[in-house]
Amino acid sequence: MPDKRHKTEQRFTTLSLLATMLTGSVFLYASFGSGSAIAATEQTASSAPEQVQEISLEGYAPDQSMWAEKMIAKYEKVKDTGDAPLAMLKIERLNIEAPVYFGTKKITLDRGIGIVAGTANLGEVGNIGISGHRDSFFRPLKDIKLGDKIEMRTPEGIQDFEVTDISIVDALDVSVLDPTDTTVLTLITCHPFYYVGYAPDRYIVKATPVDNSGNTEQHKSTQETTISAASGIQ
């Protein structure tokens, strides 16, 4: 029980921070005084997923044709720092291929996309929340469509997902990362994509696993109903 309570408290702390982050190219530090407040929400090493094998980034170069120039510069500065990614997320139709790391520190989102602390880890049953910047890795999400395929490659293998819901919610609506009793992939970025200043909304893409026969596993939850109701997107 203590571990479960700790993870729940951690998730809500992180979600509160997510409500004011991803403002375009940087976190909104002003609300918390300094970057250390963001870093304080990271899970401890003991609760991070263990990784034996590694995903290699040798020869990797993301498509930066839609990126803001300042984000290209930030990526070049930090791309070779830190640990190897936990996975690679790929959306072939949008030419997105992004390394997935644990957590949402500034340096993490400058060099890839990050699993939100307190949400499910890759390979676990539950809501896997992944955030990224709207002016770098996740900018092409503006063109995503229902039915698009998302590939998640880990050292253990490849899991395919299919996009089942696209929505726009208020920045303070953290229900999009509520726990689920089935596997759901939730991608989060700021919206509007080209908004100048602190973006008021969050763009949410939800996807569910595709089984070996190519059929999408239908995962119905209160969470998905709430998200759909908040969106007029097509």
Worksheet item: So what's the net charge close to M88: Lys and Arg +1, Asp and Glu -1, counting the other residues with Cβ under 9 Å from its Cβ?
Response: 0
Fill in: FRET efficiency estimate (nearest 0.05) - Cβ-Cβ, E124 to L57, R0 25 angstrom
0.55
Item to complete: Considering the options I72, N121, N95, tell which one lies farthest towards the positive end of the dipole of segment 70-141, charges being +1 on Lys and Arg and -1 on Asp and Glu at the Cβ, about the Cα centre.
Response: I72
Worksheet item: So, counting K/R as plus one and D/E as minus one, what does the shell of residues with Cβ under 13 Å around D170 add up to?
Response: -1
Discussion item. Students often get this wrong, so check it: of K70/K206; K70/K142; K77/K105; K79/K145; K105/K206, which have C-alpha atoms separated by over 26 Å?
Written reply: K70/K206; K79/K145
Worksheet, complete the sentence: Residue separation between Q64 and R93 times 0.36 nm, minus their alpha-carbon distance, gives in nm 8.9 nm
Worksheet item: Taking +1 at the Cβ of each Lys and Arg and -1 at the Cβ of each Asp and Glu, which of Y194, V163, L177 sits farthest along the dipole of segment 138-209 towards its positive end, judged by Cα position relative to the Cα centre?
Response: Y194
Practice prompt. Whole number please: convex hull volume per residue, Cα atoms of segment 65-119, in Å³.
Written response: 91
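Each value in this text was obtained by applying a stated rule to the coordinates, not by laboratory testing. Because the structure is a prediction, the values reported are computed rather than measured. Cβ coordinates were reconstructed from backbone atoms using ideal geometry, including for glycine residues, and neighbour counts include every protein chain displayed.
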